[in-house]
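Structure record follows, encoded as structure tokens.
The values are calculated or read from the model by the stated rules, or taken from the named source; none is laboratory data. These numbers were taken from a predicted model, which means no experiment stands behind them. Glycine also receives a Cβ, built like all others from the backbone with ideal geometry; neighbour counts cover every protein chain displayed. In case anyone asks, the SASA skips ligands and DNA or RNA and just uses the protein heavy atoms, side chains included. Shrake-Rupley method; radii C 1.70, N 1.55, O 1.52, S 1.80 Å.
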Amino acid sequence: MVSHYSMVIQWSDGDGAYVVSFPEFPSAHTHGDSYEEAARRGREVLDLLQECYTEAHHPLPEPVGFELVTA
């Protein structure tokens, strides 16, 4: 599923893993032992969230936009 939602991947010393959070879905998180695994799991979570919202007839949140400003 194509997604324009945000994923934030950060290393957590306490967890010893890369933790993924989703600004548009604040209660959702996942993790991975490597950055690549965390990114893959993050994409899976975003797909599942969108599928669940759609099946439950809940409106999806608006994606957070980002605009690159160049000098």
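How high is the relative contact order of the chain? Use alpha-carbon pairs under 8 Å, at least six apart in sequence, and give a whole percent.
Working: 87 pairs, mean separation 18.7, N = 71.
The normalised contact order for the chain reaches 26 percent.
Please give the charge dipole size of the chain, origin at the Cα centre, charges +1 on K and R Cβ atoms and -1 on D and E Cβ atoms. Round to the nearest 20 debye.
On the way: 3 positive and 12 negative charges, 14 e Å.
With only Lys, Arg, Asp and Glu charged at Cβ, the dipole is about 60 debye.
Given a 1.4 angstrom probe, what's the average accessible area per residue across the chain, in square angstrom?
74
Between C52 and Q10, take the C-beta separation as r, use R0 = 35 Å, and let me know the FRET efficiency to the nearest 0.05. Each step should come with its number before you reach the end.
Values: r = 24 Å, r/R0 = 0.70.
E between C52 and Q10, to the nearest 0.05, is 0.90.
Under 12 Å from the Cβ of L49, count the other residues' Cβ atoms, weight Lys and Arg +1, Asp and Glu -1, and hand me the total.
Once positives and negatives cancel, what remains is -4.
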